[in-house]
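J.: I'd like to ask you about the structure that follows.
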Amino acid sequence: MKRLNRRLAETLSLQQAILNSNNYAIIYVNAHGQVIMFNDGAQRMLGYSEAEMRTQASLLVLHDPAELEARVHALSLELGRPIRPGPEMFIAKARERIPDEAEWTYIRKDGSRLPVLLSISAVWDDEHALSGFVGIAQDISERKKMESMKNEFISTVSHELRTPMTSIKGSLGLLAGGAAGEIPVRAKVLLDIASKNCDRLVRLINDILDVEKIESGNMRFEPVLQPLLPLVEQAIAATHAFASPFRVSFDLRSENGELMIAADSDRLIQVIVNLLSNAAKFAPAGGVVGVRLLRLPGHARLSVTDHGPGIPLEFRDRIFQKFAQADGSDSRPKGGTGLGLNISKAIIERHRGPIGFVSECGVRTEFFFELPLAAPAPSAPSSRTPLS
């Protein structure tokens, strides 16, 4: 027994040394909400002692109130039930055995702020009863600095490229239009190739700038109360020229009655055009892309369906990521920057709606988004409605 006790003590001592020697903040809270462990890494990182963090509720002092409010709203939507402000917002997903890893801003005891990546897991005993929760926080301030430098560099380069590319495209257009005299047929072919490549570069630059605006929080939205159908019709009209080389047409159908929404028209059309052009690229030649507007309880739903090859299973969990391409090779048959869906997701989420897809390989692929319905304004249909 003495030998067993000695080995147990050594094991516990080793575990404690490991927990206290790393640079992660590790916090363990039992099922009754009592903080059992607030390791040395947490104390060094945040400036509070373990004695000051005796209850789960006291951990709220570490968090920005605005982030907590946003977390409550996002979790309620994700889990499909109301989440109350307080400790429950941290453990709701872990309690249901759902992986929970998110970025937070910790507020240290001295008032300074620290970005962290916090992972929360439930702890279960031998009888599968819940015994508590453990949170592990990693300081990501250096990573954030590097991301900021990268985004600033990309933004600067993109801005510097946009002006000369616009000038080049304009000059090519003038030449193709005969501003400098008649152009030989072979030269016109070369001008057409150069013009199309300019279009691709301009789209790439614009997409990169949009991503930078979204990530920095500088993308402006000017929501206006308006019907959704005319925006869809404008997007289809804007996409016809793109779809023509693929010999693809659009079939728009809408339920009776206006679907009124509060939206930034330009940004929403940008999303719809992206979904339509993607569908046109992957639809079979001569095919029809179905566009449907439906009324759901409290929401308007737009879906875009093509009958192309579908989305590969291994690509589906990455489809909304930046620069995502199902075929990343230089020889892939379909063009695109791989940024459109990432930008579309950010825009729809700023409009308080979900975006997603359903795909059956070789049969059909449907992309959709939903937006909250708004009641028509009695006198001023263009009145502004905040999105915050």
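J.: Checking Gly132 against (1) part of a loop (DSSP other than H, G, I, E, B); (2) on the phi > 0 side of the Ramachandran plot: exactly one of these is not met. Which one?
T.: Failed condition: (1).
J.: Can I ask one more? Restricting attention to the range 75-102, which residues are surrounded by 13 or more Cβ atoms within 10 Å (Cβ to Cβ) and in contact with a strand residue (DSSP E or B) (Cβ under 9 Å, 6 or more places away or on another chain)?
T.: Once the filter is applied, which keeps residues that are surrounded by 13 or more Cβ atoms within 10 Å (Cβ to Cβ) and in contact with a strand residue (DSSP E or B) (Cβ under 9 Å, 6 or more places away or on another chain), the range 75-102 yields Pro87, Phe90, Ile91, Ala92, Lys93, Ala94, Arg95, Asp100, Ala102.
J.: In addition: Test of understanding: among Ser119, Ser112, which residue is in the same structural domain as Tyr28 (by TED's automatic domain parsing) and over 19 Å from Met37 (Cβ atoms)? It would help to see each step written out before you state the result.
T.: Working: Ser119 fails: over 19 Å from Met37 (Cβ atoms).
Exactly one of Ser119, Ser112 is in the same structural domain as Tyr28 (by TED's automatic domain parsing) and over 19 Å from Met37 (Cβ atoms), namely Ser112.
J.: In the range 228-241, is there at least one residue being over 27 Å from the mean Cα position of the chain (by Cα) and either assigned to a loop (DSSP other than H, G, I, E, B) or surrounded by 13 or more Cβ atoms within 10 Å (Cβ to Cβ) (or both)?
T.: There is at least one residue in the range 228-241 that is over 27 Å from the mean Cα position of the chain (by Cα) and either assigned to a loop (DSSP other than H, G, I, E, B) or surrounded by 13 or more Cβ atoms within 10 Å (Cβ to Cβ) (or both).
J.: Under the condition of being over 21 Å from Ile91 (Cβ atoms) and among the small types (Gly, Ala, Ser), which residue from the range 30-50 is surrounded by the most Cβ atoms within 10 Å (Cβ to Cβ)? If you could, list the steps in order and put the result at the bottom.
T.: First, the residues of the range 30-50 that are over 21 Å from Ile91 (Cβ atoms): 40, 43-44, 47, 49.
Those left that are additionally among the small types (Gly, Ala, Ser): 47, 49.
Numbers: Gly47: 14, Ser49: 11.
By that ranking, first place goes to Gly47.
J.: Going residue by residue through the range 229-237, is there one that turns out to be within 17 Å of Val291 (Cβ to Cβ) and touching a Gly at 6+ places or on another chain (Cβ under 6 Å)?
T.: From the range 229-237, those within 17 Å of Val291 (Cβ to Cβ) are 229-237; that's our starting set.
Those left that are additionally touching a Gly at 6+ places or on another chain (Cβ under 6 Å): none.
The answer is no; no qualifying residue exists.
J.: Taking the stated definitions as given, is Ser277 crowded, with 17+ Cβ neighbours inside 10 Å and within 24 Å of the chain's Cα centre (by Cα)? Can you show your working first?
T.: Working: crowded, with 17+ Cβ neighbours inside 10 Å: yes; within 24 Å of the chain's Cα centre (by Cα): yes.
Criteria met by Ser277.
J.: Within the range 337-353, which residues are farther than 16 Å from Gly217 by Cβ and either among the hydrophobic types (A, V, I, L, M, F, W, C) or free of Cβ contacts under 8 Å to residues at least 40 places away in the same chain (or both)?
T.: Our first condition is that a residue be farther than 16 Å from Gly217 by Cβ; within the range 337-353, this holds for 337-341, 344, 348, 352-353.
The answer is Gly338, Leu339, Leu341, Ile348, Arg352.
Residue-wise test of (1) over 20 Å from Gln34 (Cα atoms); (2) free of Cβ contacts under 8 Å to residues at least 60 places away in the same chain; (3) in contact with a His (Cβ under 8 Å, 6 or more places away or on another chain).
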| residue | (1), (2), (3) |
| --- | --- |
| Glu67 | yes, yes, no |
| Arg71 | yes, yes, no |
| Arg81 | yes, yes, no |
| Glu88 | no, yes, no |
| Asp126 | yes, yes, no |
| Gly132 | no, no, no |
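J.: Still on this model: Restricting to the range 143-201, what's the tally of residues that are of a type in the set (Gly, Ala, Ser) and assigned to a helix (DSSP H, G or I)? Steps first, please.
T.: In the first step, residues of the range 143-201 are kept if they are of a type in the set (Gly, Ala, Ser); the result is 148, 155, 158, 167, 170-171, 173, 176-181, 187, 194-195.
Subsequent filtering for residues that are assigned to a helix (DSSP H, G or I) retains 148, 155, 158, 167, 170-171, 173, 176, 187, 194-195.
Adding up the residues that qualify gives 11.
The values are calculated or read from the model by the stated rules, or taken from the named source; none is laboratory data. Keep in mind it's a predicted model, so treat the numbers as computed, not measured. Counting neighbours? That spans all protein chains shown, and the Cβs are built from the backbone with ideal geometry, glycine included.
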